[in-house]
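Written out below as structure tokens is the structure these notes cover.
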Amino acid sequence: MTEQASETREIRINPIVPAESVLVATARSMRPKKAEEPAPRDVRKRSDTCPFCVGNEDKTPPAIAVYPPQGGWAIRIVENLYPVLGDDRSQSNFSFGLQQTIDGYGRHEVIIDHPEHGAAVHEMDEAHLQMLLRAYRERMAALFASNPRLRYVLVFKNFGPAAGASIAHTHSQIIAMPVVPENVAMEVGNSRAFYRKHHHCIFCALIDEALTFEATLYDRASGAIRRRINVGQYVVERGEKFIAIKPFASRYEWEVHILPLVHRSDFIATPEEDLADLARVLRRTMARLDAVIGGAQYNYFLHSVPHDGSEADNASSYHWHLEICPRTSIPTGFELGSGLFVNTISPEAAAQRLRDAPIDA
Ligand SMILES: [Zn+2]
Ligand SMILES: [Zn+2]
Ligand SMILES: [Zn+2]
């Protein structure tokens, strides 16, 4: 337990991206924002008018890939009808004074995660989730192979109106892009600098701390206990090969990250036999979030090493991970203006509640 008053008010430095630090302010009177009651999510099993529902396949572009390959589909991947990045128009990048653009080349695909319209991730069985993770892996690899100009493939899921899902049917998205997103570039660059200095991966170090580290910090003058740290308190779920942890500097109240226990920089290299354990850790983590928040609406996204020619250099220092960000409030002007996220629940207390959540098996 962190030894401190029940109220916390401190700025926590994100160890990987210091620019993304967080104000943890748990005092009720301090709360600069109130939890919004999100619009309810669509829990129907089927909708006649939904283009992603079984029987409406003609309302989407033809499937790029289908899982399983034979019989009725369990997962279906199609082109996004309104892509944010699109076909190569072979325009050279534009530059005039301070105006610079990079041609918006890329691919934007939709993964229809499950035939059932409103299915949440924790409601899907683990064999299905394993297939979904395999679909992520195979599409990422196929997109990188399709065009050497693609440097990053972002896999993400928006679930529920509070998370910006414009179509209610449960789905993920894949955007292949010609640039490395800035937040990934910062993680990659900073973890590489850490590796040069310490000769080990910062993400592996965080996992080690989460599993073992305990310390009591005394006040030098009085000898009183200033703080007692048991970093093991950040573990939310542990599998054989994957771990779910609550980041010490969580931007969102219920943010959880899942990482492979054994160092690996590229999600594409995840062996098939590991995906079963990942599916289990993902399902159980989402079930915990759903039990605690009561109908979680969230974004999750996969951060994996960019394929921009530097992947071999970053193989030892970068560690892929899945960031799960449940949306329980709307960012305030203070957060947008300062870039400082405000978290009103201490990450230690949130991790405890997630561990204690009653879930099946
Ligand atoms: Zn549907
Ligand atoms: Zn590592
Ligand atoms: Zn990340």
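Brief remarks follow.
- Size of electric dipole in the stretch 112-168: Cβ of Lys, Arg +1 and of Asp, Glu -1, about Cα centre, debye, nearest 20: 520
- Amide H contacts under 5 Å for I64, placed H, 5+ residues apart: I77, V78, E79
- For N343, the amide hydrogen comes within under 5 Å of the amide hydrogens of L23, V24, A25, counting only partners 5 or more places away or on other chains and with H modelled in the peptide plane.
- Options I112, P148, S166, ranked by Cα towards positive dipole end of the stretch 63-216, top entry (Cβ charges): P148
- Residue by residue, the stretch 66-76 carries 3J(HN,Hα) couplings of 9, 10, x, x, 10, x, x, 7, 10, 9, 9 Hz when phi is fed to the Karplus relation 6.51 cos²θ - 1.76 cosθ + 1.60 (θ = phi - 60°); x denotes Gly or Pro.
- Given a 1.4 Å probe and the protein chains as shown, T101 ends up with an accessible area of around 70 Å².
- Cross-link table K45/K157; K59/K246; K197/K241; K197/K246, entries beyond 29 Å C-alpha to C-alpha: K59/K246
- Axis angle, to the nearest 10 degrees, between helix 347-356 and the longest C-alpha principal axis of the chain: 70 degrees.
- Dipole check for the chain: with +1 at the C-beta of Lys and Arg, -1 at the C-beta of Asp and Glu, and the Cα centre as origin, the magnitude is about 780 Debye.
- DSSP-loop GluC sites (Glu not before Pro) across the stretch 235-301, with at most 13 other Cβ within 10 angstrom: E240
- Cα shape, the stretch 187-314, gyration tensor, a/c 1.5 rule: oblate
- Rg [Å, one decimal], Dmax [Å, integer] - the stretch 282-361, C-alpha atoms: 16.4, 45
- Nearest-20 debye value, the stretch 149-246 charge dipole, Cβ charges on Lys, Arg, Asp, Glu: 240
- The stretch 93-113 versus the stretch 141-178: alpha-carbon centroid distance in Å: 14
- Between V281, H128, I330, the Cα set farthest toward the positive side of the dipole of the chain (charges on each charged residue's Cβ, about the Cα centre) is that of I330.
- Over the chain, accessible surface divided per residue gives 48 Å², non-protein components excluded, 1.4 Å probe.
- Sorted largest first by accessible area at a 1.4 angstrom probe radius, with every protein chain in place, the residues V256, V43 fall in the order V43, V256.
- Computed over protein heavy atoms with a 1.4 Å probe, the carbon and sulfur contribution to the accessible area of the chain reaches 54%.
- The residue list S346, A357, W254 was ranked by how far each Cα lies along the charge dipole of the chain toward its positive end, using unit charges on Cβ atoms, and S346 comes out on top.
- The residues K241, K197, sorted by heavy-atom accessible surface at 1.4 Å with ligands and nucleic acids left out, run K197, K241 from largest to smallest.
- Largest to smallest in accessible area, the residues K157, K59 fall in the order K59, K157 (1.4 Å probe, all protein chains included).
- Scattering from the stretch 145-216 was approximated by placing one identical point on each alpha carbon and applying the Debye formula without solvent; log10 I(q)/I(0) at 0.23, 0.27 1/Å stands at -1.00, -1.09.
- Normalised convex hull volume, the chain, alpha-carbon set, Å³ per residue: 173
- Most to least packed among 112-119, 15-22 [average Cβ atoms within 10 Å]: 112-119, 15-22
The values are calculated or read from the model by the stated rules, or taken from the named source; none is laboratory data. All figures in this text were calculated on a predicted structure; none of them were measured in a lab. Note that each Cβ is placed from the backbone with ideal geometry, even for glycine, and that neighbours are counted across all protein chains shown. SASA here: full protein model, heavy atoms, side chains in, ligands and nucleic acids out. Shrake-Rupley method; radii C 1.70, N 1.55, O 1.52, S 1.80 Å.
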